[in-house]
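Each reported figure results from applying straightforward, stated rules to the coordinates on display, with no laboratory input. The shown structure was predicted, so the numbers you read here are calculated from the model rather than taken from an experiment. Heads up, the Cβs are rebuilt from the backbone with ideal geometry, glycines too, and the neighbour counts pull from every protein chain shown.
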Amino acid sequence: MSDNVYVKREEVFQSISNQVEGHLYELNQKCSESINECESLCAETESEQINSLALLEEAKRIEEEKRLILIAAEEELAAAQMSGDPEWIAAATARVIKATIEYGKAVAHRKKMEKRYSMAVQANSMANQRLSSVRNTYYHCEKEIRDIANTQLSRVRQADQKLDDYLRVSIPETNEEQVTEKEKEKQKKVPMNKGKDSEVIFVFSCPGQEEEKSGKLVTGETGKNMDILVSYLHRHKPQVFKYKYRYDYQITNASDLVHYKALTGDSEASDSELFAPGNISRLQRETEKSKYIICMGDKAKSAVSKLNINGKIIYGEHIGNVHLNLAYEAKSETASARRRERVGYVAEEILNQL
């Protein structure tokens, strides 16, 4: 009976935690979509600004050309009038009239292009302001919601701990390590990537659906970002980052249990899972021989902070696309270039800590 009570309480707490993380994940997804839309709008308005500037410069060139033609026609008319030749005067007058009309059209066209360029500059400025506002709003909103959620979960956990203390007194002690076969089946894991050596180890958050399918860590879009990251690090600090490919390095997670919404209702491990003695022992064994421990994200940072290791701990942002889009502004024209730009910012932050 005691085991059933403990398991049930943990299931209730985990369910609450999963629901909170699920809502945060949905919020991050919507934030990322909105930011991508704003970035596309910035790229479009910037392209229009460049194009309208080129049209304005061409309009100015044509206006100047027509102005010089008009001046030449007027000078010719003055000479004709001095000669008194009626045929020459008539022809010169016709040329002045034509040149005046063409010059007037050129002036009107130049003014139209100036207005178009001014509107393009304004549109691009508004698009960039919107992008900055959306990014700042979503970042602070996500942080505020996460802080509130963590506070409430902490209160739930404190209440649960008080209940636990009561049950330990009221119910005879049982083997807390005992777990049913059904519970073991739920604990899907993906082991660490051993790499070519242990000098550098990257610590991420937890395996997801892609990792569960492949049996490898850091796959999918995050895996692509990691290849960009290690290539950048290798190019700028090859004496530390000796390899260009992610699986040549040791890779592990703050938790080795699989998390994704369809399976667990969340995308991250809870603090209780991270700080469980068995998990900390596993992480200690996997990192204790490494000279550099690169923590990719807050979950990795939290878990590694509980370890007793001699290696240098370095902190980097999580390189999932959702987080990168929220954390970093990119100016590049294409989506792939903006991705490389954002990952480059993370790489620079890591290099600055060496």
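Couple of notes before you dig in:
- Contour minus Cα-Cα distance for E58 and D298 (0.36 nm per residue): 81.1 nm
- Rounded to the nearest whole angstrom, the semi-axes of the ellipsoid equivalent to the stretch 188-351, taken from the Cα gyration tensor as √(5λ), stand at 23, 20, 14, largest first.
- Taking 0.36 nm per residue of sequence separation and removing the Cα-Cα distance, the S332/A72 pair yields an extension gain of 88.8 nm.
- Projected label points at K196 and E348, each 7 Å from Cα along the beta carbon direction, are separated by 2.8 nanometres.
- Between Y232, S281, A269, the Cα set farthest toward the positive side of the dipole of the stretch 208-289 (charges on each charged residue's Cβ, about the Cα centre) is that of Y232.
- Taking θ as phi - 60° and the Karplus parameters 6.51, -1.76 and 1.60, the scalar couplings of the stretch 70-86 work out to 5, 4, 5, 5, 5, 5, 5, 4, 4, 5, 5, 5, 5, 6, x, 6, x Hz in sequence order, x denoting glycine and proline.
- Our note on the geometry: Cα centres of the stretch 196-243 and the stretch 23-99, 52 Å apart.
- Paramagnetic label zone (point 7 Å from Cα along Cα-to-C-beta, S133; backbone N under 16 Å) in the stretch 37-79: 37-39, 41-42
- For the stretch 188-351, a simple Cβ point-charge model (Lys and Arg +1, Asp and Glu -1, everything else neutral) yields a dipole of about 520 debye relative to the Cα centre.
- Footprinting exposure proxy for V203, V240, V343 (fewest neighbouring C-beta atoms within 10 Å first): V240, V343, V203
- Using 0.36 nm per residue and subtracting the Cα-Cα separation, the extra length available between Q158 and Y315 on full extension is 53.6 nm.
- Neighbourhood net charge (11 Å Cβ-Cβ; Lys/Arg +1, Asp/Glu -1) for E46: -3
- With contacts taken as Cα pairs under 8 Å at a separation of at least 6 residues, the stretch 188-351 carries a relative contact order of 28 percent.
- In sequence order, calculated HN-Hα J values of the stretch 33-45 (Karplus, 6.51, -1.76, 1.60; Hz; x Gly/Pro): 4, 5, 5, 4, 4, 5, 5, 5, 5, 4, 5, 5, 5
- Ranked L41, L77, L324, criterion: other C-beta atoms within 10 Å, fewest first: L41, L77, L324
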